Amino acid sequence: MSSTLNDPQTAIADIVKRIEPHLVEIRRDIHAHPELAFEEVRTAALVSRELERIGVKHETGIAKTGVVGLIEGGRPGPVLVIRADMDALPIHEQTGLPFASTIDGKMHACGHDIHTTTLLGVAEVLHALAPRLAGTVKLVFQPAEEAIGGMKEMLAEGVLDNPKVDFALGFHNHPNTPVGQFDFTRGPGLAAADRFDVTVHGISGHAAAPHGAVDPIVAAAHIITQLQSVVSREVNPLHPAVVTVGAIKGGEAANIIPDSVTFRGTVRTLHDAARDTAEAAIRRLCAGVEAGMRVRCEVSYHRGVPPLVNDDTVLDPTIAAVRRQLGEVVNEREPSMGAEDFALMSQRVPSFQLGIGSGTPGRDDRLHNSGYQPDEACIGLGVQALSRAAMDMLS
Ligand code: NI
């Protein structure tokens, strides 16, 4: 009668069927109480309480509000991380759902409530089936993905040590993939996200006497126009890149040339060569306008997260396992120029991020949208997919 005696597909499906209603309750509880980066106190307490109930040993307080659980298999073997992020976004929810956010201006609009719940489901399944595993599963509940700071801190606090991690599996809900389907990207799947800030210093003066001033507005306009040539003329056309200026500030009045103008933007790339080229070009174009237009430019270029690179040695067995568990439900898709800090883990150990379809039939949802309503069936399906991947990779 024990499901642990069944074949893996039935064993996993049986447990998921039993725990699914509870998982939906947990998801709605987390959804109603969203917490922003490094403030996931209530969420972390809920995760800890659930792991306690299941019987999974775990540590709390890692990278402030992170939780790490450990499931040891019946036999020795490699160590696999499965990672979920827990934080919400500063968005005012407009879904009108009965379990909508109870906190003004905060919402789980990226589905990290789904992720946290899914990993708890995986914990319950793999704990029950642990005697069959050859190896160890490390469950990483990470804070502060949206602020892109949580993974960095977890790595600094040694999340890949004790026991030493061999490979890692991440996942994200994708509303543009229908629920029941899964997706993957080979190689770089998400972009490196860098940020630049430029202050163009001129000399203020009367608008009617421009020759007595150095105009930073005209200079900034020239630089921003020239930045449009970075992607089109400098980066290898086979390497995707985006340079976007998202903010510009300068001046107050129609009759005054101001002292300075600031602008800032983001650079997204999938390849290191494109990243290096873009940074060098931005610095050079600023230097050129400095020389040509007498301004002085302060350029700060901050390298954020690297590209998330999917490793075939984790991707292939995961996709095969999902297909064995759920059928022909996995499709390849194009990379995205979005970014996420699981990329930092992918730099350290072979990693793969699985896309879990969360699109509700008849809706056209987007992540980070105030009306986002993922199809909750993606939780049980995600638990099945990830649990099977872990079982097959640790067999
Ligand atoms: Ni997200």
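The values are calculated or read from the model by the stated rules, or taken from the named source; none is laboratory data. Model, not experiment: these values are computed from the prediction. Here the Cβ is made from the backbone with ideal geometry for all residues, glycine too, and neighbour counts use every protein chain on show.
Answer yes if at least one residue in region 209-224 is in contact with a helix residue (DSSP H, G or I) (Cβ under 6 Å, 6 or more places away or on another chain) and either at pLDDT below 95 or of a type in the set (Gly, Ala, Ser) (or both), and no otherwise. So that I can check it myself, show each step before the final result.
Just the residues of region 209-224 that are in contact with a helix residue (DSSP H, G or I) (Cβ under 6 Å, 6 or more places away or on another chain), to begin with: 219, 222-223.
Among the residues that remain, those that are also either at pLDDT below 95 or of a type in the set (Gly, Ala, Ser) (or both) are: 219.
For region 209-224, residues in contact with a helix residue (DSSP H, G or I) (Cβ under 6 Å, 6 or more places away or on another chain) and either at pLDDT below 95 or of a type in the set (Gly, Ala, Ser) (or both): present.
Residue-wise test of (1) touching an Asp or Glu at 6+ places or on another chain (Cβ under 8 Å); (2) under 29 Å from Glu146 (Cα atoms); (3) not small (Gly, Ala, Ser).
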{"site": "His302", "(1), (2), (3)": "yes, yes, yes"}
{"site": "Asp311", "(1), (2), (3)": "no, yes, yes"}
{"site": "Val314", "(1), (2), (3)": "no, yes, yes"}
{"site": "Gln325", "(1), (2), (3)": "no, no, yes"}
{"site": "Pro335", "(1), (2), (3)": "no, yes, yes"}
{"site": "Glu340", "(1), (2), (3)": "yes, yes, yes"}
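Inspect all residues belonging to region 366-375 and state whether any of them is assigned by TED's automatic domain parsing to the domain that holds Leu97, touching a helix residue (DSSP H, G or I) at 6+ places or on another chain (Cβ under 7 Å) and buried (at least 19 other Cβ atoms within 10 Å of the Cβ).
To start, the set of residues in region 366-375 that are assigned by TED's automatic domain parsing to the domain that holds Leu97 comprises 366-375.
Going one step further and asking which of them are touching a helix residue (DSSP H, G or I) at 6+ places or on another chain (Cβ under 7 Å), we end up with 374.
Okay, now just the ones that are also buried (at least 19 other Cβ atoms within 10 Å of the Cβ), so 374.
Among the residues of region 366-375, at least one is assigned by TED's automatic domain parsing to the domain that holds Leu97, touching a helix residue (DSSP H, G or I) at 6+ places or on another chain (Cβ under 7 Å) and buried (at least 19 other Cβ atoms within 10 Å of the Cβ), which makes the answer yes.
Given the options Val330, Val383, Val314, Val349, name the one that is in contact with a Pro (Cβ under 7 Å, 6 or more places away or on another chain) and either among the β-branched types (Val, Ile, Thr) or at pLDDT below 95 (or both). Talk me through it step by step, then tell me what you get.
Numbers: Val330 fails: in contact with a Pro (Cβ under 7 Å, 6 or more places away or on another chain); Val383 fails: in contact with a Pro (Cβ under 7 Å, 6 or more places away or on another chain); Val349 fails: in contact with a Pro (Cβ under 7 Å, 6 or more places away or on another chain).
Unique residue meeting the criteria: Val314.
More than 30 Å from Leu285 (Cβ to Cβ) and at pLDDT 95 or above: does that describe Val309?
On the way: more than 30 Å from Leu285 (Cβ to Cβ): no; at pLDDT 95 or above: yes.
Answer is no for this residue.
Looking at region 60-77 only, could you name the residues that are of a type in the set (Val, Ile, Thr) and assigned to a strand (DSSP E or B)? Give the derivation first.
Kept after step one, since they are of a type in the set (Val, Ile, Thr), are these residues of region 60-77: 60, 62, 65, 67-68, 71.
Thr60, Ile62, Val67, Val68, Ile71 - these are the residues of region 60-77 that are of a type in the set (Val, Ile, Thr) and assigned to a strand (DSSP E or B).
Name the residue, out of Asn331, Asn369, that is within 21 Å of the chain's Cα centre (by Cα), assigned to a loop (DSSP other than H, G, I, E, B), of a type in the set (S, T, N, Q) and closer than 28 Å to Pro240 by Cβ. Walk me through how you get there before you give the answer.
Values: Asn331 fails: assigned to a loop (DSSP other than H, G, I, E, B).
On inspection, the qualifying residue turns out to be Asn369.
For every residue, the table says whether it meets (1) in a helix (DSSP H, G or I); (2) within 16 Å of the ligand (Cβ to nearest atom).
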| site | (1), (2) |
| --- | --- |
| Arg83 | no, yes |
| Gln94 | no, no |
| Leu97 | no, no |
| Cys110 | no, yes |
| His115 | yes, yes |
| Glu124 | yes, no |
| Leu139 | no, no |
| Ala144 | no, yes |
| Val159 | no, no |
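Restricting attention to region 126-137, and to residues there that are in a helix (DSSP H, G or I) and not aliphatic (A, V, I, L, M), which single residue is farthest from the ligand (Cβ to nearest atom)?
First, the residues of region 126-137 that are in a helix (DSSP H, G or I): 126-128, 130-132.
The next check asks that each one be not aliphatic (A, V, I, L, M); those that pass are 127, 131-132.
Details: His127: 26, Pro131: 34, Arg132: 31 Å.
Taking the candidates together, the pick is Pro131.
Go through region 116-162 and count every residue that is under 14 Å from Gly66 (Cβ atoms) and out of contact with any strand residue (DSSP E or B) (no Cβ under 7 Å at 6 or more places or on another chain). Even if it seems obvious, please write down each step before you answer.
Taking region 116-162 first, the residues under 14 Å from Gly66 (Cβ atoms) are 116, 119, 138-145, 147, 149-160.
Restricting the remaining residues to those that are out of contact with any strand residue (DSSP E or B) (no Cβ under 7 Å at 6 or more places or on another chain) gives 144, 147, 149, 152-153, 155-156, 158, 160.
Going through region 116-162 one residue at a time, the tally reaches 9.
Sort out which residues of region 318-354 are surrounded by fewer than 24 Cβ atoms within 10 Å (Cβ to Cβ), within 15 Å of the ligand (Cβ to nearest atom) and of a type outside the set (A, V, I, L, M), and write them in order of number.
Residues satisfying the conditions are Ser336, Gly338, Glu340.
With surrounded by 17 or more Cβ atoms within 10 Å (Cβ to Cβ) and either in the same structural domain as Ala389 (by TED's automatic domain parsing) or free of Cβ contacts under 8 Å to residues at least 60 places away in the same chain (or both) as the only criterion, which of Glu25, Glu52, Glu59, Glu40 stands out?
Numbers: Glu25 fails: surrounded by 17 or more Cβ atoms within 10 Å (Cβ to Cβ); Glu52 fails: surrounded by 17 or more Cβ atoms within 10 Å (Cβ to Cβ); Glu59 fails: surrounded by 17 or more Cβ atoms within 10 Å (Cβ to Cβ).
Only one candidate passes the filter, namely Glu40.
Of the numbered conditions (1) acidic (Asp, Glu); (2) within 16 Å of the ligand (Cβ to nearest atom); (3) touching a strand residue (DSSP E or B) at 6+ places or on another chain (Cβ under 8 Å), Glu59 satisfies every one except a single condition; which is it?
The single condition Glu59 does not satisfy is (2).
Could you tell me which residue of region 81-100 is farthest from the chain's Cα centre (by Cα), considering only residues that are under 22 Å from Gly66 (Cβ atoms) and not hydrophobic (A, V, I, L, M, F, W, C)?
Going through region 81-100, the residues under 22 Å from Gly66 (Cβ atoms) turn out to be 81-90.
If we keep only those that are not hydrophobic (A, V, I, L, M, F, W, C) as well, we get 83, 85, 87, 90.
Numbers: Arg83: 11, Asp85: 8, Asp87: 11, Pro90: 16 Å.
Selected residue: Pro90.
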